[in-house]
Amino acid sequence: MIPFQRMSIHNKLAFALGGAVLLAFAVASIALAFFGSLTLERRARQIMEPYAHLVSVGAEAAVAFEDPGRAREILATLRANPQILEAEIVLRDGRLLARYASTKATFHPHPPRPDGLYLVQNRAELIQSLPEGAHLHIVMSLDELNRHTRNVLLLFAAGVLVLLVATTLGLRSALQRTIVRPISTLAETVEQVRTLADYHRRVPASGADEVARLGQSFNAMMGAIQERDNDLGRLTLFQRTILDNAAHGIISTSPDGIVSSFNPAAERLLGYTADEVVGKLTPECWHDPEEIARRALRLSEELGETILPGFDLLTARPRRNLPEENEWTFIRKDGTRVPVLLSVTALRDESGRITGFVGMTYDLSERKRAEEALRYSEELLRITLENILDPIFITDDEGRFTFICGNVSFVLGYTVEEIRAMGNISALLGEGLFSLEELERRGEIRNIDCVITNKDGSSNDYFVTVKRVSIKGGTLLYVCRDITERKQAEEALREGEAFLNILLNAIPIPVFYKDRDGRYLGFNSAYETFFGATRDRLIGKTAFDISPRELAECYHAKDTELFESGGVQQYESQVKNAHGVLRDIIFNKAVFTDSQGTIIGLIGAILDITERKRAEEDILKLNDELRSLNEELEERVKERTAELEKKNAELHKMNRLFVGRELRMVELKEKIKELESKLGQQEP
């Protein structure tokens, strides 16, 4: 049999629950049996007392008249209950009045006792007083009652057993689900973590009970361990990355000098591979023996004890907690020599015991070349400073000269000694020209208003630049550039700009100009009056800043088209003037270029054609009215012509009638004349 301590928690739980069920069943059985024995008398009384009451009521007359027959009849009613074995009625003087006995009963004499219920072996005896001093004695068998009690107890015990088993199974299932399974899962996960070192494992943990909190604590612990493992992995990767990508050669050794790590920079520096060195060689292999011997003598004098040449020389100072950093000459695998800077540090454990050494080496070849280049640059700078045309001075913070370029006599007429004799730069450039506080704040100061007086009394304008430097023993560098001609050109330019402004302001139409990016550079007074523009509102802004987007996009597209074509542009548009009134205008634009011919902006003029367009509209309206009048006149002419033609036709008709009438009159006159002639001839 497996010892209890070696059982799984599942078997332990089953064993404990089984024992608990058996113990509970035993306790319940004992309790039920005890309960049955305690309630036996009460249950027997509940059966016998109704019969006793029935007999006592019926036997009252029989006792009073001492009628045995009537008494036997009354006792015979007890046959209805087969459990009643016998009954008898005894008179006051002890005489037996009547007796009932079942066929199975054996009569036993009953000594006189007080009223009550008596349990004797497997029988119950009830003694009850009757009228006239008589007593009723009833004996009942307890077999049926005990059998019924046993059946009830067995049924109840079976129910208790089933309930206990069901409860146990339910508890087992619940405990299996809530305790055993999580604990088993936790144990399996712990075992996997232990064997596989997989810190990503987690256990389901829901709820707020102890098992859930145990799982949550385990998950939190695993999370912390995983985070630490990740940190360690990142640190290891970080260290590996540093070792693999560091520009310095990093070489670690054991306390006795055997190389334990050799990074790629060390491989590139010395020409050895890590496999050729790690666990096989000591740093002495790439050191110059003669240099080692010289350093050993020097270090022995320094420390006051003998230091032998070899690995002990490299670690003597770190062993004594002293810094060790020196320049050495390493001999590469191919025999070439390379200057390096070597720093050696001792690795110690928590107790301070040395566990190894780390050496960091840096190739000084580039630095040596840089130092040589620096010396060359300084020499070149010296030659340049001495031969440059612009006067250059270097001073300390108090303005005292530390360097004066050699061309000052050619430019200013002073010799170097005469300028140095002035003592301070302010004697040459003027007092209060520069502020060291401002220099510290800006790092550089420029002043274009400096005037230097030459030795012959003439003066020139200079642009002086002051910078913080650290050369030639000084801290401030002064570079003086003659800007006399530039200032004269600037003055001429200002005069030209003034003339241009006067010219632009004299033009009665609005004029503006922009740069290549569409920013307004300027405008004349007519533009300002027309649009109500101000310099603060317009200069430096684009059309997108001051116009609706749709209109600004149109202007931008037109400007882009003009810059691409490089010619002249003219188009009509509508704008609102300073009073918000919509005006019709014509844009006339042209590009302008710099001295190299590169287009750098455009200039535009605005012609207000609102009145002209209104006049054109009035002329169009007048033409429309004239056309309408002409059409109306033509219609009237047509009507009058038709009327005239009609009247002419009538007149022509009347003329024809009149002519016909005249002809008839002539004919009549001729006929009359003929008649008169005939009549005249007939009268004689």
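The values are calculated or read from the model by the stated rules, or taken from the named source; none is laboratory data. Everything numeric in this text was worked out from a predicted model, so none of it was measured. Cβ coordinates were reconstructed from backbone atoms using ideal geometry, including for glycine residues, and neighbour counts include every protein chain displayed. Side chains included, ligands, DNA and RNA excluded: accessible areas come from the protein's heavy atoms. Shrake-Rupley method; radii C 1.70, N 1.55, O 1.52, S 1.80 Å.
Between the listed residues 557, 524, 570, the Cα displaced farthest toward the positive end of the dipole of the range 517-587, a dipole computed from Cβ unit charges relative to the Cα centre, is found at 524.
If you roll a 1.4 Å probe over the heavy atoms of the protein chains, what accessible area per residue do you get for the range 507-629, in Å²?
Numbers: 7470 Å² over 123 residues.
Accessible area per residue, the range 507-629: 61 Å².
Spin-label model, residue 273 to residue 579: label points 7 Å out along the Cα-to-beta-carbon direction sit 9.5 nm apart. Each peptide in 398-404, 503-509, 648-654 gets a packing score, the mean of other Cβ atoms within 10 Å over its residues, and the list from highest to lowest is 398-404, 503-509, 648-654.
Pairwise Cα distances in the range 487-634 exceed 21 Å in 54 percent of cases.
For the range 288-330, with every protein chain kept in place, what is the accessible area per residue (1.4 Å probe, Å²)? Before the final figure, lay out each step's value.
Details: 2530 Å² over 43 residues.
Ligands and nucleic acids excluded, the figure is 59 Å² per residue.
Taking 24 Å as the straight-line reach from the Cα of residue 621, the lysines in range (excluding those fewer than 8 positions away in the same chain) are 613.
Taking packing as the residue-averaged number of other Cβ atoms within 10 angstrom, the listed peptides 262-272, 281-291, 528-538 run from highest to lowest as 262-272, 281-291, 528-538. Partners of residue 514 within straight-line reach, counting aspartates and glutamates whose Cα lies under 12 Å from its Cα and excluding those fewer than 8 residues away in the same chain: 559. For the peptides 571-581, 664-674, 515-525, 321-331, the ranking by mean Cβ contacts within 10 Å, running from highest to lowest, is 515-525, 321-331, 571-581, 664-674.
Which whole-number value in Å³ per residue fits the convex hull of the alpha carbons of the range 549-668?
Working: hull volume 24.7 nm³, N = 120.
Dividing the Cα hull volume of the range 549-668 by its residues yields 206 Å³.
By a 1.4 Å probe calculation restricted to protein chains, residue 30 has an accessible surface near 120 Å², given to the nearest 10. Rg and Dmax, both from the Cα atoms of the range 49-98 and both in Å, are 10.4, 30.
Computed over the alpha-carbon pairs of the range 278-335, the distance histogram in 10 Å steps reads 21, 53, 22, 3 percent, short to long.
Find the percent of Cα-Cα distances in the range 291-398 that exceed 19 Å, and round it to a whole number. Could you put the intermediate results ahead of the total?
On the way: 3675 of 5778 pairs.
Value for the range 291-398: 64 percent of Cα pairs lie more than 19 Å apart.
Counting only protein heavy atoms and using a 1.4 Å probe, what share of the accessible area of the range 586-684 belongs to carbon plus sulfur, as a whole percent? Working shown, then result.
Numbers: 4740 of 8440 Å².
Answer for the range 586-684 is 56 percent, counting heavy atoms of protein chains only.
Largest accessible area first, the residues 183, 127 order themselves as 183, 127 under a 1.4 Å probe with ligands, DNA and RNA left out. Kirkwood hydrodynamic radius of the range 119-174, from the reciprocal of the average inverse Cα-Cα distance over all distinct pairs: 14.8 Å.
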